[in-house]
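Following: one structure in structure tokens, then a few remarks.
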Amino acid sequence: MYRIGIITGTRAEYGLLKSVINKVYMAEDLELQLIVTGMHLSPEFGMTYKEIEEDGYLITMKIEMLLSSDTPVGITKSMGLAMISFADYYEIYKPDIVIILGDRFEMLAAASAAMIARVPIAHIHGGELTEGAIDEAIRHSITKMAYLHFCTTSIYRERVIQLGEGPQRVYNVGALGVENIKKLPLINKYELEKIIDFSLEGKVIMITYHPVTLENISSEKIFKNLLKVISEHKDFRIIFTKSNADTNGRIINKMIDNYVENNKKKCIEFTSMGQLNYLSTLQYCYAVVGNSSSGIIEAPSLHIPTINIGDRQRGRAMSESIIHCGNDTESIREAFNRIISEEYQEKLKFSSNPYEGKETSEKIVRIIRETLENGIELKKKFYDVEIKE
């Protein structure tokens, strides 16, 4: 049996990986090694490892790494702790390959330790751009350490090849998040309202805002601008999902706490909704607002408007349904005015999603299996694209 390590550090990432995890778990010729770290093990972020256990999966190893500080120094020290523990995992359990998704700092630690341990990496969501965050540099760094690449659009596949990765190891499979929307049995409104204890009638706005690590203006100031604008719309009902364990994430979460406390009749907040509840709620929303990748990747497949604030997601492939705006109050206000216009609502009906693929999780597991069967030579040759003079 081939030993497949899958690493997860956040609630959102686990939701995306769940279909891959299940296919590995059910395969007779594959052994699932599930490594849980980061926010999953933090009381502050909901101890979401319990959701994984409730789903029936055995956690191979829990890697404690998060310090209480979300400053740059605290994040860097957390990465150091993660590398020490991931070194132990690779030495003890000896996975044949490890699956890493995305661009968070804990994934950089996991990938760095895997590279030194000579464990091949299969990387999901490589080649993407997020110009407003350190995530972009992390993502490209993981790309250079990875052996297999599962990209979500043809543009991203070309970019990974541009980074010197051989085309025969780079695949465009579409986004797991979009596959989840199409395959999961989403919950109906009546049942969902009972589960989340919140009415979904009227104009419900889903807000997810994460700190922008490379922005000149403070995340606190930007989020304050957003709260000011949504307060002007008295008919909005608002669902907040809290920020990740990024630098200054606690500042955003404290502002959410205060706003919800003062607007209990029309607001609710969640540290973790869970994948099924989140996607089910999304289908009944009037708009998705903030700077989360879910507004870029998943929302367009439900034909839900997205207001994308600032530069955190700048550079990604985008659907026509997404409205970009600046960080200032006036730009955010104009974006809200656009989504209610007849012109935009008509365009929304016919918008497409560049992240849609077919049988994404099935392709990922099949390619990994075939690659392991054929054998892996870790010495990669740099692939030179044609350089135009």
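Modelled label-to-label distance, GLU44 and ASN258, 7 Å Cα→beta-carbon offset: nm?
1.8 nm
Would you work out the charge dipole size for segment 40-156 about its Cα centre, treating the Cβ of every Lys and Arg as +1 and the Cβ of every Asp and Glu as -1, and quote it to the nearest 20 debye?
Using only the charged Cβ atoms, the result is roughly 420 debye.
Could you work out the helix-only [θ] at 222 nm for the chain, with each DSSP H run of four or more residues adding -39,500 (n - 2.57) and the total divided by the number of residues, to the nearest 500 deg cm²/dmol?
Value at 222 nm, helices only, nearest 500: -13000 deg cm²/dmol.
May I ask which residue of TYR89, HIS40, ASN22 lies farthest towards the positive end of the charge dipole of segment 5-100, with charges of +1 (Lys, Arg) and -1 (Asp, Glu) on Cβ and the Cα centre as origin?
It is HIS40, whose Cα lies furthest towards the positive end.
Averaged per residue, what accessible area in Å² does the chain show with a 1.4 Å probe, protein chains only?
It amounts to 44 Å² per residue over the chain.
In segment 158-207, what GluC sites (Glu not before Pro) fall in a loop by DSSP, with at most 10 other Cβ atoms inside 10 Å?
GLU201
Under the rule that an exposed site lies in a DSSP loop and has at most 15 other Cβ atoms within 10 Å, name the longest stretch of the chain with no trypsin sites (Lys or Arg not before Pro) of that kind, not counting the sites themselves.
That gives 1-117 as the longest site-free run.
Can you tell me the dipole magnitude for the chain around its Cα centre, using point charges on the Cβ only (Lys, Arg +1; Asp, Glu -1), in Debye to the nearest 20?
Roughly 180 debye for the chain.
Among GLN33, GLN275, GLN345, whose mean-square fluctuation peaks in a Gaussian network model of the chain (Cα, cutoff 10 Å)?
Checking each option, the largest mean-square fluctuation is seen for GLN345.
Which of ILE142, ILE99, ILE339 moves most in a GNM of the chain, Cα contacts under 10 Å?
Ranking ILE142, ILE99, ILE339 by mean-square fluctuation puts ILE339 first.
For segment 152-268, build the charge dipole from Cβ charges (+1 Lys, Arg; -1 Asp, Glu) around the Cα centre, then report which of ASN253, HIS233, TYR171 sits farthest towards its positive end.
HIS233
Does segment 172-301 come out rounded, prolate or oblate, given a ≥ b ≥ c as the square roots of the eigenvalues of its C-alpha gyration tensor, rounded meaning a/c under 1.5 and, failing that, prolate meaning a/b above b/c?
Oblate, since a/c reaches 1.5 and b/c is not below a/b.
Taking the Cα centre of segment 20-87 as the origin, how large is its charge dipole in debye, to the nearest 20, when only Lys and Arg (+1) and Asp and Glu (-1) carry charge on their Cβ atoms?
300 debye
If HIS140, HIS303, HIS123 are ordered by their accessible area, calculated over protein heavy atoms with a 1.4 Å probe, which sequence runs from highest to lowest?
HIS303, HIS140, HIS123
Counting residues in segment 299-389 as N, plug N into 2.2 N^0.38 Å and put the Cα Rg over that result.
1.66
Determine the distance separating the Cα centre of segment 26-46 from the Cα centre of segment 256-289; give it in Å without decimals.
The distance from the Cα centre of segment 26-46 to that of segment 256-289 comes to 25 Å.
Could you tell me the relative contact order of the chain? Use alpha-carbon pairs under 8 Å, at least six residues apart, and round to a whole percent.
17 percent
Putting +1 on Lys and Arg Cβ atoms and -1 on Asp and Glu Cβ atoms, find which of ILE207, LEU372, LEU66 reaches farthest to the positive end of the dipole of the chain.
The Cα lying farthest towards the positive end belongs to ILE207.
Could you give the length gained by full extension between ILE84 and LYS224, i.e. 0.36 nm per residue of separation minus their alpha carbon distance, to one decimal place?
46.6 nm
Compare ASN258, ASN308, ASN22 in a GNM of the chain, Cα atoms joined below 10 Å, and give the one with the largest fluctuation.
ASN258
Chymotrypsin sites (Phe, Trp or Tyr not before Pro) within segment 289-389: which are DSSP loop residues with at most 12 other Cβ atoms inside 10 Å?
Listed in order of number, the matching sites are PHE350, PHE382.
Compute the projected area of the convex hull of the Cα atoms of the chain, averaged over all viewing directions, and report it in nm² to one decimal place.
Quarter of the Cα hull surface area: 19.6 nm².
For the chain, which whole percent of the accessible surface, found with a 1.4 angstrom probe, sits on carbon and sulfur atoms?
51 percent
Taking every alpha carbon pair in segment 233-389, what does the distance histogram look like in 10 angstrom bins from 0, in percent?
Taking every Cα pair in segment 233-389, the percentages come to 8, 28, 31, 17, 11, 4, 0.
The values are calculated or read from the model by the stated rules, or taken from the named source; none is laboratory data. Quantities reported herein were computed from a predicted structural model and do not represent experimental measurements. Ideal geometry is used to build each Cβ from the backbone, glycine not excepted, and the neighbour counts take in all protein chains shown. In case anyone asks, the SASA skips ligands and DNA or RNA and just uses the protein heavy atoms, side chains included. Shrake-Rupley method; radii C 1.70, N 1.55, O 1.52, S 1.80 Å.
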